[in-house]
1. Among what's in the range 301-326 and is in contact with a helix residue (DSSP H, G or I) (Cβ under 8 Å, 6 or more places away or on another chain) and at pLDDT 95 or above, pick the residue that is surrounded by the most Cβ atoms within 10 Å (Cβ to Cβ).
2. In this structure, does residue 42 turn out to be surrounded by fewer than 23 Cβ atoms within 10 Å (Cβ to Cβ) and either more than 19 Å from residue 181 (Cα to Cα) or in contact with a helix residue (DSSP H, G or I) (Cβ under 7 Å, 6 or more places away or on another chain) (or both)?
3. So if I check each of 55, 50, 79, which one is over 22 Å from residue 243 (Cα atoms), touching a strand residue (DSSP E or B) at 6+ places or on another chain (Cβ under 7 Å) and either surrounded by fewer than 18 Cβ atoms within 10 Å (Cβ to Cβ) or without any contact (Cβ under 8 Å) to a residue 24 or more places away in the chain (or both)?
4. Given the criteria in contact (Cβ under 8 Å) with a residue 40 or more places away in the chain, in a helix (DSSP H, G or I) and over 20 Å from residue 168 (Cα atoms), does residue 134 qualify?
5. If residue 151 meets every condition in (1) without any contact (Cβ under 8 Å) to a residue 60 or more places away in the chain; (2) crowded, with 19+ Cβ neighbours inside 10 Å; (3) outside the structural domain of residue 114 (by TED's automatic domain parsing); (4) assigned to a helix (DSSP H, G or I) apart from one, which number is that one?
6. Going by the conditions given, is residue 216 at pLDDT 95 or above, in a helix (DSSP H, G or I) and outside the structural domain of residue 79 (by TED's automatic domain parsing)?
């Protein structure tokens, strides 16, 4: 991948896609292509085919997705499955038919079975049932991994797949009702800090509501003047990685790694995995994460967790194997604390 290569980033406005664009620009790549949804609807196969036939990108980073928290996934499973499979099929197939040298496909840690042993190794995919609350999203992501794998084996493509752990960063979705756990926790604490400090003007501005509506919204979500009611016990532990580290890894794959480098075979020479996990460090409990964010924000109120375990806690521990990742030679650079500091700083800048 040279500096003049034509590079298409699908999903350039999202958490990971925007970080990929920023990192590519930082590294001196100038021939970047990206389209908004209004400019290019990835569900429209004809439009996607015409785009690839006209632009002929050399490389593709696929970070587009129909996403949302577990509430949205539970409510709209058909939309999650249809939208994600249709978008990725259109892009991956068009890339294969238009001479793309390498495509990097972003999957998800949800591709693993709910009862797979820990740490999660790539070969465990499809060895059991998915988590019920994100089954439709997981099916879509598995389909993307397998389509890339089959195209590589059948047509000699060089399409690489990454399954990231929980990703956070400056350009996340911070909607309390429709965000991933770390972004939702941060937003709750941010609003609670405004209320705790009686900064009602900032609270109303952040929520874009009048005072009565803003306070009702906070009450509904357990955000009070001196405490926050958190969801679950906080016992569940997850690994978190920064979007900028993931962006750097995706670019590193495009520059240095081929499909054969990601393939793992059993003793009978059967292919048992063709993607790579992306994670960073040891798991952190939701309670530890919450207290760390509160400390970094100097929040003076109390965080109150539930005492009894329930389905709100989800899987209590989820860790991903780093064996294949470690062999590829890439090193993450951003610690959880430093990454959270940057995220908090940037959100404060945008909300002013």
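The values are calculated or read from the model by the stated rules, or taken from the named source; none is laboratory data. What you see is a predicted model, and the numbers here were worked out from it, not measured in a lab. No Cβ is skipped: glycine too gets one built from the backbone with ideal geometry, and neighbour counts run over all protein chains shown.
1. My answer is 320.
2. Numbers: surrounded by fewer than 23 Cβ atoms within 10 Å (Cβ to Cβ): no; either more than 19 Å from residue 181 (Cα to Cα) or in contact with a helix residue (DSSP H, G or I) (Cβ under 7 Å, 6 or more places away or on another chain) (or both): yes.
Against the criterion (surrounded by fewer than 23 Cβ atoms within 10 Å (Cβ to Cβ) and either more than 19 Å from residue 181 (Cα to Cα) or in contact with a helix residue (DSSP H, G or I) (Cβ under 7 Å, 6 or more places away or on another chain) (or both)), residue 42 does not qualify.
3. Values: 50 fails: touching a strand residue (DSSP E or B) at 6+ places or on another chain (Cβ under 7 Å); 79 fails: touching a strand residue (DSSP E or B) at 6+ places or on another chain (Cβ under 7 Å).
55 is the lone residue from the list that is over 22 Å from residue 243 (Cα atoms), touching a strand residue (DSSP E or B) at 6+ places or on another chain (Cβ under 7 Å) and either surrounded by fewer than 18 Cβ atoms within 10 Å (Cβ to Cβ) or without any contact (Cβ under 8 Å) to a residue 24 or more places away in the chain (or both).
4. On the way: in contact (Cβ under 8 Å) with a residue 40 or more places away in the chain: yes; in a helix (DSSP H, G or I): yes; over 20 Å from residue 168 (Cα atoms): no.
The answer is no for residue 134.
5. (3)
6. Working: at pLDDT 95 or above: yes; in a helix (DSSP H, G or I): yes; outside the structural domain of residue 79 (by TED's automatic domain parsing): yes.
In short, yes.
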